[in-house]
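Derivation of every value follows stated rules applied to the coordinates shown; laboratory data play no part. For clarity, every value in this text was computed on a predicted model and none was experimentally measured.
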Amino acid sequence: MKKLIGCFLIFILLLSLAGCGVKENLEQKAGEALAEKVLEDAGGGDVDIDGDKVTITGENGETLTTGGNEWPKSDLAKSVPEFKEGTITAVLDSSDYVMVSLESVKEADAAAYYEIVKEEFTQEPFEANADGSISFGAKNADGIGVTLQYTEETFTITVSKPVQ
């Protein structure tokens, strides 16, 4: 009987807090936990969902993070300077591949970033410029590849490790 009363009191407390935004937070956390369980069961590994960011840790310990709106923190992401202009709209970050998509980027800011990256990434370069669209790709001395693409205020930066 005491357990039943305790559960009832907890339920009443949760209902009373629901007006304070706690209900939405609990629903979000429950949804995240359910999604994590489904993804883990489907593909193995450990899945952590935190708002708009999903981190998957494989059985070998490697992680893949997608979502979020912050510059990635992996060692591979550190191969290129952080681009601080515009708004980050999508991020994919792993030990082998990094992609950052940005919007509201001025062409002059993208062009200045190209020049900085070109100093370090000099092997097997390619470049194309046409009507407000710029593309550049190359490798550095360690074989790490970078591709930069700018079109109409959208800028995508990808970095990848050499295929072994």
May I have the extent of the alpha carbons of segment 65-160 along their three principal axes, as whole Å values ordered from largest to smallest?
34, 30, 15
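Quick one: which of K118/K161; K106/K161; K84/K118; K84/K161; K73/K161 span more than 20 angstrom between C-alpha atoms?
The answer is K106/K161; K84/K161.
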